[in-house]
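Heads up, the thing below is written out as structure tokens.
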Amino acid sequence: MHKKQMKTMLSVLAILSTCILFICILFVYWLQMSSAINEESYSCVENLAKQRRDNIKAVLQLNLKSLDMIAATLSSPNIKDSKEQQIEILETSISKTSFKQLGILTSNGDIIATKGSYFDELPIDYYENILQDESEFAFLNAKNNIEKRYIYHAPFSYSNENKAILLGVMDFQTFQNTISSQLYDERFNITITDHRMNPLITKFKNSNNDFNTQSVTKIIESLNTHTKNDIYNNTELLKEDTLSFKISGDKYVMHYTPLNMDHYYIVSTIDDAYLSTDSKYIFKISIIFFILTFVVFSSIIIIIYLNLNKSKSRIHKTKLEFETVMANIPGGVVEFLYDDCLTIKFLNDGISKLIQFSKKDIETVLNNSFLNLVHEKDREQLASAIVDQMTTNKTVEIDCRIMCKDGTYSWFLFKGRMISNTDQNPSCLCVLTDITDKKQVQHELNLNMQRYRVVTEQSDSIIFEYSFVDQSVYLSDKWDNKFSFNSKQPNFIEQAKKVNLVHPQDYETFKTMFDLLQKGKKYCECEVRLAKSPDKYIWCRIKASTIIDENDVVSKTVGKIIDIDQQKRETDMLKQKAENDSLTGLYNKGTTSMLIDNYLTHKGKNGKHTLLFLDIDNFKNVNDTLGHLVGDSVILQVTSKLKKIIRSSDICGRVGGDEFVILLKNTTNMDFIRNKANEICEAFRQTVSSKNISIDISGSIGIAFYDIDGTTFNELVDKADTALYEAKKGGKNQYIIYGGNRIL
């Protein structure tokens, strides 16, 4: 009986020992498993928080990039001295950004800004700080201490090489909208704070949770003094950390990481229930194992094993979510060691899609070397940029060519930073953005500029570009070789008139062409005389076409100036020979007939005009007795006198040997007509002598009136010839009006 009791006792002890051993093993296992889960989960929390930080920084960098581009435009020499152009650029640029107001803070504290009141609502000490380069980015309360402002600034060169600050302001709602996708996670409470953990932007998952109604400041204040001091010390030094705490009996995990912008932080808080397994469940299983038999004990082991797999699956799911986030980042992400071949540690699916290499291809074909992907001409530049980043701690940002699977190269913007590793070479984590299309556009632009330069240099014409915005003009080098006028003066069109660059008679034609172009006419040309020197003009043909800007506004005109002086003078000479009488220089018969008919048919159609048909009396005797040379001399003397008598608006021509026709335009006064006729008769009277022979000559005139005696040249000449015949018949040296004396 004693032995049996002993055996029973031993059995009980064995069972108890087994159960105790099992409980101990189970407890130890539970502790290790919980520790592993917490460690891995904390790591995932940190990685996800850092990834969110990087994504938010990337969004902020877009605003930085747009602000830098505007600042670069404002730094242009043609713009930075003009407040009006600066305002115009700011107003044009603001529609292309997320900023509510843009402004320039000058070195003396003045603000040049677009429409709005955001700058007026910001505290004055902020402007004093940024003038001393103490801020790049800030959340600031407005003067009402209710609304927040998101403000960023970028320095640039201002008038007289002084530095100015370009400011961009967003209201709170706009800024939160720009990063809302980065702040949303159904598991996390996410907050942007300053270095004293005062919340600036908060995105809570559930407004009914007690925790969500408390600010980060209250959470920090609820911690013990030692923990608070550790947090403040870390944030002052821009460090990051992960800690756990309890609120109302619920456990939470917090990770804070700096944005590296004016001591701002991303604070992510998650309920511990998402990170740890249910310890009570494990203890219940342990009690069941203690009560049940060995089979139950075995079943518990299986259940524990299944729970372990379940925990691993949960961890795997968390990792998969992290990898999914990485895979969906725009562009490509790669991390490589800084060794001889830039060994790849990590790359996401985005870069594989961009270069068409699978991860397996990169491992087998390229030996997992990022350097093998980079074009050999860009490798030295990349290495130099990485070394420079290690010494200056700045972001690496260069353009380089990356090889694709088909052997071609695409241009990428390489942007990243070095990461220090204690156990191996430092690594570089970077983002690659495909900029091939941008490079092609830039290449085409360079080619077009080269083509323009070659055309300008090889053309015999002068190439010009005139801006309707600032009235400035660019002229190719051939201008200075031909003309003495300085083209660098402002208000080119007005200056051309002041200095008589354009002949006064041609200026209206010149200005009208530019007015038509500015109003939208696509192409114009004109012929004007330009001053080669102060006392010499040459004929030039100007051809110009308009250029429309991105707002469909005519901004410039481009064209060429062609020297046609010799051609023009030769044409005028031929025209003069064809139209004028070779002896007198007056119009010949054909030209006289054409000009008179054309005038009577068009411009003078409704007027009153007088036609005079003239003939030299006794001219045949001069030719027969004194010779043709004397006769030509008589004609020239008569012509000289006629030119002095008739008006510049009248038409006068030689239509025969000693016959002339004069059209007196717009003559309604009969006394004026009679006086002119008497003057002409007097001009004809003279004595011609040669070889002791003297001959008296005179002139006879026949007069006819337009629309009374005829409406065409032939009709009027026919009537005037009849009157001339009567004058000759009546004794010569007189004028006769066709049809007798009549009142017009």
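The values are calculated or read from the model by the stated rules, or taken from the named source; none is laboratory data. From a predicted model like this one, the values you see are computed outputs, not experimental measurements. Ideal geometry is used to build each Cβ from the backbone, glycine not excepted, and the neighbour counts take in all protein chains shown. Heavy atoms of the whole protein, side chains included, go into the accessibility calculation; ligands, DNA and RNA do not. Shrake-Rupley method; radii C 1.70, N 1.55, O 1.52, S 1.80 Å.
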Considering only region 706-725, state which residues are among the aromatic types (Phe, Trp, Tyr) and within 25 Å of ARG685 (Cα to Cα). TYR725
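Considering region 357-398 alone, what residues qualify as being more than 38 Å from the chain's Cα centre (by Cα) and surrounded by fewer than 17 Cβ atoms within 10 Å (Cβ to Cβ)? Spell out the reasoning first.
Pass one, region 357-398, residues more than 38 Å from the chain's Cα centre (by Cα): 358-369.
Those that are more than 38 Å from the chain's Cα centre (by Cα) and surrounded by fewer than 17 Cβ atoms within 10 Å (Cβ to Cβ): SER358, LYS359, LYS360, ASP361, GLU363, THR364, VAL365, LEU366, ASN367.
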Has region 587-599 got any residue that is over 13 Å from PHE713 (Cα atoms) and touching a residue at least 12 places away in the same chain (Cβ under 8 Å)? yes
In this structure, does LEU237 turn out to be within 26 Å of ALA58 (Cα to Cα), open to solvent by 60 Å² or more (accessible area, probe 1.4 Å), at pLDDT 75 or above and of a type outside the set (Lys, Arg)? yes
Considering LYS511, LYS497, which residue is open to solvent by 20 Å² or more (accessible area, probe 1.4 Å) and either of a type in the set (Gly, Ala, Ser) or touching a Pro at 6+ places or on another chain (Cβ under 9 Å) (or both)? LYS497
Region 533-547, subset aliphatic (A, V, I, L, M) and open to solvent by less than 30 Å² (accessible area, probe 1.4 Å), residue nearest to ILE562 (Cα to Cα): ILE542
Filter region 698-716 for residues that are in contact with a strand residue (DSSP E or B) (Cβ under 9 Å, 6 or more places away or on another chain) and either open to solvent by 10 Å² or more (accessible area, probe 1.4 Å) or more than 15 Å from GLN734 (Cα to Cα) (or both); which is modelled with the lowest pLDDT? SER698
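Only residues that are under 19 Å from GLY407 (Cβ atoms), open to solvent by less than 40 Å² (accessible area, probe 1.4 Å) and either outside any helix (DSSP H, G or I) or touching a residue at least 60 places away in the same chain (Cβ under 8 Å) (or both): list them for region 341-356, please. Reasoning before the result, please.
Going residue by residue through region 341-356, those that are under 19 Å from GLY407 (Cβ atoms) are 351-356.
If we keep only those that are open to solvent by less than 40 Å² (accessible area, probe 1.4 Å) too, we end up with 351-352, 355.
Within region 341-356, just ILE351 meets the criteria.
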Positions within region 69-96 being open to solvent by 30 Å² or more (accessible area, probe 1.4 Å), of a type outside the set (Gly, Ala, Ser) and not in a helix (DSSP H, G or I), in sequence order: PRO77, ASN78, ASP81, LYS96
Of everything in region 556-604, what is under 24 Å from LEU724 (Cβ atoms), modelled with pLDDT of 85 or more and open to solvent by less than 20 Å² (accessible area, probe 1.4 Å)? Give them in sequence order. LEU586, THR591, THR592, ILE596, LEU600, GLY604
Run ASN733 past the list (1) at pLDDT below 90; (2) open to solvent by 30 Å² or more (accessible area, probe 1.4 Å); (3) on the phi < 0 side of the Ramachandran plot and report the number of the one that doesn't hold. (3)
So which of GLY656, GLY607 ends up being open to solvent by 10 Å² or more (accessible area, probe 1.4 Å), in contact (Cβ under 8 Å) with a residue 40 or more places away in the chain, within 60 Å of the chain's Cα centre (by Cα) and closer than 21 Å to ALA677 by Cβ? GLY607
Output the number of the condition that ASN486 fails; it satisfies all remaining conditions of (1) over 17 Å from CYS540 (Cα atoms); (2) surrounded by 15 or more Cβ atoms within 10 Å (Cβ to Cβ). (2)
Among (1) open to solvent by less than 80 Å² (accessible area, probe 1.4 Å); (2) charged (D, E, K, R); (3) part of a helix (DSSP H, G or I), GLU465 falls short only on (3)
Can you work out which of the residues in region 469-483 that are open to solvent by 90 Å² or more (accessible area, probe 1.4 Å) and assigned to a loop (DSSP other than H, G, I, E, B) is nearest to GLU527 (Cα to Cα)? ASP477
Tell me, which strands (runs of 3 or more DSSP E) wholly within region 678-744 include 3 or more residues that are of a type in the set (Gly, Ala, Ser) and under 12 Å from PHE613 (Cβ atoms)? 693-705
Scanning region 531-544 residue by residue, the ones that are in contact (Cβ under 8 Å) with a residue 24 or more places away in the chain and under 35 Å from the mean Cα position of the chain (by Cα) total 3
Given the criteria assigned to a helix (DSSP H, G or I) and open to solvent by less than 10 Å² (accessible area, probe 1.4 Å), does LEU530 qualify? no
